[in-house]
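Down below is the structure, laid out as structure tokens.
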Amino acid sequence: MRTALLQSSGRPGSVAENLQVLDAAAGRAAAAGAGLLVTPEMFLTGYAIGDGTGRLAEPADGDSADAIAEIAGRHGLALAYGYPERDGDAVFNSVQLIASDGTRLANYRKTHLFGCFERDHFTPGDTPVVQAELNGLTVGLMICYDVEFPENVRAHALAGTDLLLVPTAQMHPFQFVAESLVPVRAWESQMYVAYVNRVGREGEFEFIGLSTLAGPDGIARTRAGRAEELVFADADRAFLAASREANPYLKDRRPGLYGSLL
């Protein structure tokens, strides 16, 4: 499945403008043959928007979800987008996957919040593995800091995730996560990992871009730079199966020895 990674911070604070950016990117991605477009963390509203986080938060089936479902259907590709999700009084840092026919497939709430900024504005999710079937692949959802915990990614591997989508807001000076850690996660858990970052300065943060889709061989299939960019790579089921056969990490595990990790 050809996957498009939208490296952009959009227009922080403006849902309407971000929907326009997403619509334009979806058109370009579909024209290039992509079956899936992934945005960064909190793309719908912007990340460093302070109290605007709660004000702009929407339910998973809110107006913006309907608008994005319409975009997905019109362009004929699936969309995974980051947004602040309101559920009663709680606000979650979430990512939602919508199919090419506009069906809402899966919604994930970030389980590991990073720093005081996120802990002040969000409630942590409590479901570590959220998946959906898409174009013959089992697609998993995760957000930014979550991927830095190997237990998280291994849980997806054991649940059968083929392609892990990780919208992110990775900032300076942590570029080694995109450059080194993400390919290692893909290798050690034998899956594709699409890590899609914001870019540029936003409030107190400087986002470093470097979005990538890493394969189960630990090699980046595509790598964005430090500017707004739409990049593409393929998640190949046949290659994934061959890689899993050649690399026995998952089969050679000895869970009985790992009790202390709990």
Worksheet item: Where does each of T103, T161 land when they are ordered by accessible area, with a 1.4 Å probe and the largest first?
Response: T103, T161
Worksheet item: How much mean residue ellipticity at 222 nm does the chain get from its helices, if each DSSP H run of length 4 or more adds -39500 (n - 2.57) and you divide by all residues, to the nearest 500 deg cm²/dmol?
Response: -8000 deg cm²/dmol
Worksheet entry | Cα Rg, Dmax, the range 121-262, angstrom units | 15.4, 47
Worksheet item: What accessible area per residue comes out for the range 144-262, rounded to a whole number of Å², with a 1.4 Å probe?
Response: 45 Å²
Discussion item. Tell me the carbon and sulfur percent of the accessible area for the chain, rounded to whole percent, probe radius 1.4 Å.
Written reply: 51 percent
Worksheet entry | Ranked packing of 67-80, 17-30, most packed first, by mean Cβ within 10 Å | 67-80, 17-30
Item to complete: Please give the FRET efficiency for H172 paired with S14, using the beta carbon to beta carbon distance and R0 = 22 Å, rounded to the nearest 0.05.
Response: 0.35
Discussion item. Please check: in the Gaussian network model of the chain (C-alpha springs, under 10 Å), which one of P128, P183, P59 has the largest mean-square fluctuation.
Written reply: P59
Response to the item:
Ignoring ligands and nucleic acids, R223 exposes an accessible area, probe 1.4 Å, in Å² to the nearest 10, of 90 Å²
Discussion item. Only bridges whose two residues both fall in the chain count here: according to DSSP, what percent of them are antiparallel, nearest 5?
Written reply: 70 percent
Worksheet item: Under a point spin-label approximation (7 Å from Cα along Cα-to-Cβ), what is the T127-S260 distance to one decimal in nm?
Response: 3.4 nm
Practice prompt. Note the listed values (i) -0.28, -1.02, -1.32; (ii) -0.29, -1.13, -1.49; (iii) -0.31, -1.10, -1.34, then indicate which one is log10 I(q)/I(0) by the Debye sum over Cα atoms at q = 0.08, 0.15, 0.17 Å⁻¹ calculated from this particular structure.
Written response: (i)
Discussion item. Taking the full set of protein chains and a 1.4 angstrom probe, give the accessible area of K251 in square angstrom, rounded to the nearest 10.
Written reply: 130 Å²
Response to the item:
Probe 1.4 Å, all chains present, heavy atoms only: F232 accessible area in Å², nearest 10, is 60 Å²
Fill in: Largest to smallest accessible area among C116, C144 [probe 1.4 Å]
C116, C144
Worksheet item: Taking 0.36 nm per residue of separation and subtracting the Cα-Cα distance, what length does fully extending L250 through D101 add?
Response: 50.2 nm
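The values are calculated or read from the model by the stated rules, or taken from the named source; none is laboratory data. Computed from a predicted model, the values in this text were never measured in an experiment. Cβ: placed from backbone, ideal geometry, glycine included. Neighbour counts: every protein chain shown. Ligands, DNA and RNA are excluded from the accessible area calculation, which covers all protein heavy atoms including side chains. Shrake-Rupley method; radii C 1.70, N 1.55, O 1.52, S 1.80 Å.
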